[in-house]
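In what follows, a structure is listed as structure tokens, so that the remarks can point back to it.
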Amino acid sequence: MSSALFTQIFLTLLTGTLLTRLWLASRHIRHVLGHRRQVPAPFRGKILLKAHHKAADYTVSKTRFAMVAGVIDALLLLGWTLGGGLELIDQGWRAAGFGELVTGTLFLLSVFLIIGLLDLPATIYQTFVIEQRFGFNHSTPALFMADMLKQSLLLFVLGAPLALAALWLMQSAGTLWWLYLWLLWSGFTLLMMWAYPAFIAPLFNKFTPLKNRSVQTRIQALLRRTGFRSRGIFVMDGSRRSAHGNAYFTGFGRNKRVVFFDTLLKTLRGPEIEAVLAHELGHFHHRHIIKRIVMLFGMSFAGLALLGWLIQQAWFYQGLGVSTASSYAALILFLMAGPVFTFFLQPLMAWGSRRHEYQADAYAADQAEIKPMISALVKLYRENASTLTPDPVYSAFYDSHPPASLRIAHLQSLA
């Protein structure tokens, strides 16, 4: 393949991806606004019209911002690749006279740092304009900056050794370097999953054991019924940064735990908390976490095997604006351009995730009461201002969870 042909393929897919994102977003906005006037029938009496209006307006604001961000992201990708951004940084570090390994590590860290800085205005706008306007932001500028500094420090402490090890393997491990890199990446991923709840998450949030005795009694009974063992049920001070509420399952091995946002516990009653936890345990029961890990490892295996071939192709570098072939240039080009080539697989990933949510809901219906589960979901949609009327095509393409009406109808059918 010639570099010119590869450039044309890249530009065609980038344009198609951007136009599809804009088309889906415009559909979503029209659909949400078209159903703004009335609360959907299944939710009447449970969600006020005022709350429905807020959810619609919040969704539209976020989607419009995503459209602008999508255009900017596409332009930035062009700037990094065909516009010569990566080439400029590469030649700059080469001129410094370091060895290939040090040059590659500094190149990667520089690119990720600049990407973070370029993303900062969008993050600030989303946090302090959109979230603030709808009453969700609790973060202060000082807390926001502290989080950014911690994230940058983690990038350096964890990312620099990983980048150094990855580049060393790519340069020294022969033709099967991609297999050894896959093993390194898989081991690092498992280590982070194990370490995150106990060592990384506490750097940003405070986690305390659940203290409500009546809720504890319900939860302990549920855990005995399901045979689930963990390091405990924890409450996270999510209200420190946001009014959004949620619950999630995290960790791996002995470090696995269930976490409730404190904002969620202020909203739900005991039976509703039990039902939400039963849903999270449903993911554990159906081994969704393990399945997702296996899928992630399978995709990374295939991706690195492909990179093992692309790294030898001159057109891969030149077609994306880099004149000098190198292991680190191949790695960053693959990471940047990869999403353009895999974008249209997203509906398949979303479908799998929604299927897991239905399975977890069915498990929760067996282990807890269905009415509290439905009322908990309604409260979650209301308190998080989640739209009840997403565009069906947009939802099928992006959403990891089923639309509210379908999810509740599914639960009612189980009753």
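The values are calculated or read from the model by the stated rules, or taken from the named source; none is laboratory data. As the structure is a prediction and not an experimental result, all values here were calculated from the model. Cβ atoms come from the backbone with ideal geometry, glycine included; neighbour counts cover every protein chain shown.
Below, the figures for the structure above:
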{"read-out": "Answer from Ala330, Ala325, Ala337, Ala385 - the residue that is modelled with pLDDT of 90 or more, within 30 Å of Phe261 (Cβ to Cβ) and either among the aliphatic types (A, V, I, L, M) or not in a helix (DSSP H, G or I) (or both)", "value": "Ala385"}
{"read-out": "Residues of the range 36-58 satisfying the condition of being more than 12 Å from Ala404 (Cβ to Cβ) and in a loop (DSSP other than H, G, I, E, B)", "value": "Arg36, Arg37, Gln38, Arg44, Gly45, Leu48"}
{"read-out": "Members of the range 244-271 that are surrounded by fewer than 17 Cβ atoms within 10 Å (Cβ to Cβ) and assigned to a strand (DSSP E or B)", "value": "Tyr248"}
{"read-out": "Search result, residues across the range 17-33 that are small (Gly, Ala, Ser) and without any contact (Cβ under 8 Å) to a residue 60 or more places away in the chain", "value": "Ser26"}
{"read-out": "Sole residue being of a type outside the set (Val, Ile, Thr), touching a Lys or Arg at 6+ places or on another chain (Cβ under 7 Å) and buried (at least 18 other Cβ atoms within 10 Å of the Cβ), chosen from Glu274, Glu280", "value": "Glu274"}
{"read-out": "Pick from the range 214-235, criterion at pLDDT 80 or above and basic (Lys, Arg), ranking: nearest to Ala364 (Cα to Cα)", "value": "Arg225"}
{"read-out": "Every pair of residues 6+ apart whose Cβ atoms lie under 8 Å, when the first sits in the range 67-80 and is more than 16 Å from Gly116 (Cα to Cα) while the second is surrounded by fewer than 18 Cβ atoms within 10 Å (Cβ to Cβ) and small (Gly, Ala, Ser)", "value": "Met67/Ser26"}
{"read-out": "Answer residue from the range 90-108, given it is among the β-branched types (Val, Ile, Thr) and over 28 Å from the mean Cα position of the chain (by Cα) and is surrounded by the most Cβ atoms within 10 Å (Cβ to Cβ) among those", "value": "Thr103"}
{"read-out": "Any hit, the range 35-46, residues being in contact with a Pro (Cβ under 7 Å, 6 or more places away or on another chain) and surrounded by 17 or more Cβ atoms within 10 Å (Cβ to Cβ)", "value": "no"}
{"read-out": "Selection within the range 151-179 - among the small types (Gly, Ala, Ser) and under 23 Å from Ala195 (Cβ atoms)", "value": "Ser152, Gly159, Ala160, Ala163, Ala165, Ala166"}
{"read-out": "Residue match in the range 256-264 (condition: among the charged types (D, E, K, R) and over 22 Å from Arg218 (Cα atoms))", "value": "no"}
{"read-out": "Checklist (1) farther than 30 Å from Met295 by Cα; (2) crowded, with 18+ Cβ neighbours inside 10 Å; (3) over 20 Å from the mean Cα position of the chain (by Cα) applied to Pro209, failing item", "value": "(2)"}
{"read-out": "Residue in the range 366-377 that is crowded, with 18+ Cβ neighbours inside 10 Å, closer than 26 Å to Leu179 by Cα and in contact with an Asp or Glu (Cβ under 9 Å, 6 or more places away or on another chain) present", "value": "no"}
{"read-out": "Positions within the range 113-139 being surrounded by fewer than 17 Cβ atoms within 10 Å (Cβ to Cβ), assigned to a helix (DSSP H, G or I) and in contact (Cβ under 8 Å) with a residue 40 or more places away in the chain, in sequence order", "value": "Leu113, Leu118, Ala122, Tyr125, Ile130, Arg133"}
{"read-out": "Set Ser395, Ser413: member being part of a helix (DSSP H, G or I), among the hydroxyl-bearing types (Ser, Thr, Tyr) and over 26 Å from Gly135 (Cβ atoms)", "value": "Ser413"}
{"read-out": "Of the criteria (1) touching a residue at least 24 places away in the same chain (Cβ under 8 Å); (2) surrounded by 15 or more Cβ atoms within 10 Å (Cβ to Cβ), which one Phe144 fails", "value": "(1)"}
{"read-out": "Filter result (of a type in the set (Phe, Trp, Tyr) and surrounded by fewer than 15 Cβ atoms within 10 Å (Cβ to Cβ)) within the range 334-365", "value": "Phe344, Trp351"}
